[in-house]
1. Quick check on packing: order 157-167, 203-213, 52-62 by the mean number of other C-beta atoms within 10 Å, highest mean leading.
2. For segment 17-86, what proportion of DSSP beta bridges, expressed in % and rounded to the nearest 5, is antiparallel?
3. Give me the lysines in straight-line cross-link reach of LYS22: C-alpha distance below 27 Å, same-chain residues under 8 apart excluded.
4. Taking +1 at the Cβ of each Lys and Arg and -1 at the Cβ of each Asp and Glu, which of THR5, LEU114, PRO188 sits farthest along the dipole of the chain towards its positive end, judged by Cα position relative to the Cα centre?
5. If the cut-off is a Cα-Cα distance under 21 Å, which lysines reach LYS186, setting aside same-chain residues fewer than 8 apart in sequence?
6. With only Lys, Arg, Asp and Glu charged, each at its Cβ (+1 for the first two, -1 for the last two), find how big the charge dipole of segment 1-126 is about the Cα centre; round to the nearest 20 debye.
Amino acid sequence: MERITAELAASLLPPRREAGHKGDFGRVYIVAGAVGYTGAPVYAAEAACRTGSGLVFVGVPREVYPIVAARCAAAMAQPLPEDREELLARMSRCDAAVIGPGLGRSPEAEALALFLLENLPVPVVLDADGINAAAAHIDVLRGRRWPTVVTPHEGEFLRLGGDLSPGREAAALAAARALGCVVVLKGPGTVVAGPDGRERVNTTGNCGMAKGGSGDVLAGMIASLAGQGADLFDAAGCAVWLHGRAGDLCRREMTAYAMTPPDMVDRLGAVFRELLKAENQ
């Protein structure tokens, strides 16, 4: 079992060329949001932007598009096309995708998530309602041919068929092998497990992060690092450390009671400064 430290997180950051342009730093597409859940796509998108992505697209249901578009400062929001093949074509031109934050549990949302899981040929971060869709059709997840990470909290983990009785670390590793994907088991000491047997446990984070929207931030961060070329297991490990460290800075400044997920996104700049300074010393 490897602990995710600042030194390890710094070593996992994708390199960034001084002469690069936005096309060099990854395109991320996020499918998220529903009526009543307009914060989730915004949090995921802004986190992806703050984690280094060159281009971030956010596809949301048409009825919430004006709300989400008005709140996206750096990401490009667009209504989801009615034609799934058109959406698949758009997403296939990207380097990584997020499916699920605030997507809802309607039959239409579930069918869309499953269609994308079956057909999208890029690394996918499956979060929240994307996990709920896959839990009812677990063979779709197991049969996926491209790199995938699932980011469940313990309740979602159980819905995926996981067994927590051996302990969180053993449970995450068993699930990763059974599902054939990277598992990020969220909670105190978040565990990142790969189907190849690799496993890491995070050393940052606190109880103030246990609020709606925190997981959406993490999903956007993982996809951002994967879109920049990081191995999906490494992207997940690096992202959980950065995410937790941002939460720790928030707690120090405003207490665990008052901090919110947007506060964590706002602290990512400080986290990167801290991490890169330590790397260059």
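Readers should treat all values here as calculations from the given coordinates under stated rules, not as data from a laboratory. Computed from a predicted structure; not experimentally measured. In this analysis, Cβ positions are derived from the backbone assuming ideal geometry, glycine residues included, and neighbour counts consider all displayed protein chains.
1. Details: 157-167: 14.5, 203-213: 18.2, 52-62: 22.8.
Result, highest mean Cβ count within 10 Å first: 52-62, 203-213, 157-167.
2. Values: 1 of 10 bridges.
Percentage antiparallel, nearest 5: 10.
3. Once the sequence-local lysines are set aside, what remains near LYS22 is LYS277.
4. Positive-end residue among those listed: THR5.
5. LYS211
6. Details: 12 positive and 14 negative charges, 76 e Å.
In debye, rounded to 20, segment 1-126 gives about 360.
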